[in-house]
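Rule-based calculations on the coordinates, nothing more; no lab input. Bear in mind the structure is a predicted one, so any value in this text is a computation, not a measurement. As a convention, Cβ positions derive from the backbone with ideal geometry for all residues, glycine included, and neighbour counts pool all protein chains shown.
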Amino acid sequence: MNAHIVKCIIYSYNNSGHVMYATCIFKKQSRKDTFDKTKFMNIAEKRFNEKCQSFSIDSWNQTMSHEKEIISKIKQLIY
């Protein structure tokens, strides 16, 4: 993979707006750094199972899907 930054987001939510999530971010620091998809996904899953973060959405945006709204909110939180 040639990407310099790869983000993995795992989340679950219910219709009342409670969202639980975990993230894992790979940043290529040098030419020798390599991305291992399986390892990366396992780290994100482990973080979700052991110590996930959470937030609530008070009212769903009717112009976008729940998934897009959740990912947008998570991106705001991790930056």
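Points to keep in mind about this one:
- Subset of Lys28/Lys73; Lys7/Lys46; Lys32/Lys75 violating a 20 Å alpha-carbon distance limit: Lys28/Lys73; Lys32/Lys75
- Surrounding net charge for Arg47, when Lys and Arg each add one and Asp and Glu each subtract one, Cβ distance under 15 Å: +2
- Residue-by-residue Karplus 3J(HN,Hα) for segment 9-16, coefficients 6.51, -1.76, 1.60, Hz, glycine and proline x: 10, 10, 8, 9, 8, 10, 5, 7
- Basic side chains Lys and Arg get +1 at the Cβ, acidic Asp and Glu get -1 at the Cβ, and with that the dipole of the chain about its Cα centre reaches some 500 debye.
- Length released on extending from Lys28 to Asn14, taking residue separation times 0.36 nm less the Cα-Cα span: 1.6 nm
- Each residue of segment 29-41 was assigned a 3J(HN,Hα) from its phi angle through the Karplus curve 6.51 cos²θ - 1.76 cosθ + 1.60 (θ = phi - 60°); the sequence is 9, 9, 5, 7, 5, 10, 9, 10, 4, 5, 4, 4, 5 Hz, with glycine and proline shown as x.
- Cα-Cα pairs of the chain separated by more than 20 Å (percent): 40
- Listed peptides 31-40, 61-70, 44-53 appear in the order 44-53, 61-70, 31-40 once ranked by packing, highest mean of other Cβ atoms within 10 Å at the front.
- Compared with the dominant principal axis of the Cα atoms in the chain, helix 66-78 is inclined by about 60°.
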